[in-house]
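To start, the structure under review is shown below, and the notes come after it.
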Amino acid sequence: MNIFIDNKSGEPIYTQIYTQLKNQILGGNLVEDQALPSIRSLAKDLRISVITTKRAYDELEREGFIYAVAAKGFFVAPKNVELLREEHLKRIEEHVAQIKKLAASCNLSRQDIIDLFDIMEE
């Protein structure tokens, strides 16, 4: 498991951890029931506060990506198909918003974008 902290980023450190772990779970790099590093261990490895790491884990647990087992630690939760679908839809919406902005800057119509999509599918 690789997590990289960018101190120059304006993004909070706990968000960077949360996002990277979530992406690794969604991407299949972290599999169901796989143990995650302890909060203290991850904080030590990343040279950050335990509170920051705990906040990222709490957010992942709240959203159903990981679960805690008393005295054993945190583990990757079984994939919830509906949750995965929602996450993918959210990503698609973000990409569509970017396409819309780029298309507007090039004066492309909705039909031009649909035609482009049809060409790419062939």
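Taking the condition surrounded by 13 or more Cβ atoms within 10 Å (Cβ to Cβ) and either within 15 Å of the chain's Cα centre (by Cα) or modelled with pLDDT under 95 (or both), does Gln111 pass?
no
For the range 81-108, enumerate the residues that are polar (S, T, N, Q) and over 23 Å from the mean Cα position of the chain (by Cα).
Of the range 81-108, the ones polar (S, T, N, Q) are 98, 105, 107.
Once the filter is applied, which keeps residues that are polar (S, T, N, Q) and over 23 Å from the mean Cα position of the chain (by Cα), the range 81-108 yields Ser105, Asn107.
Being in contact (Cβ under 8 Å) with a residue 24 or more places away in the chain, outside any helix (DSSP H, G or I) and hydrophobic (A, V, I, L, M, F, W, C) is the filter here; which residues of the range 1-47 pass it?
Answer for the range 1-47, where residues must be in contact (Cβ under 8 Å) with a residue 24 or more places away in the chain, outside any helix (DSSP H, G or I) and hydrophobic (A, V, I, L, M, F, W, C): Met1, Ile3, Ile5, Leu30, Val31, Ala35, Leu36.
I need a count of the residues in the range 1-60 that are among the small types (Gly, Ala, Ser) and within 17 Å of Lys79 (Cα to Cα). Give the derivation first.
Taking the range 1-60 as the starting set, the residues that turn out to be among the small types (Gly, Ala, Ser) are 9-10, 27-28, 35, 38, 41, 43, 49, 56.
Filter once more, so that each one left must be within 17 Å of Lys79 (Cα to Cα): 27-28, 35.
The qualifying residues number 3.
Identify the residue in the range 4-54 that is under 21 Å from Leu83 (Cα atoms), touching a Phe, Trp or Tyr at 6+ places or on another chain (Cβ under 9 Å) and among the β-branched types (Val, Ile, Thr) and, among all such residues, is surrounded by the most Cβ atoms within 10 Å (Cβ to Cβ).
Ile17
Which of the residues spanning the range 48-83 are out of contact with any helix residue (DSSP H, G or I) (no Cβ under 7 Å at 6 or more places or on another chain) and not in a loop (DSSP other than H, G, I, E, B)?
If we filter the range 48-83 for residues that are out of contact with any helix residue (DSSP H, G or I) (no Cβ under 7 Å at 6 or more places or on another chain), which is where we start, we get 51, 58, 61-63, 69-73, 75, 77-83.
Ile51, Asp58, Glu61, Arg62, Val69, Gly73, Phe75, Val81, Glu82, Leu83, listed by residue number.
The values are calculated or read from the model by the stated rules, or taken from the named source; none is laboratory data. Source: prediction; values computed, not measured. Cβ atoms come from the backbone with ideal geometry, glycine included; neighbour counts cover every protein chain shown.
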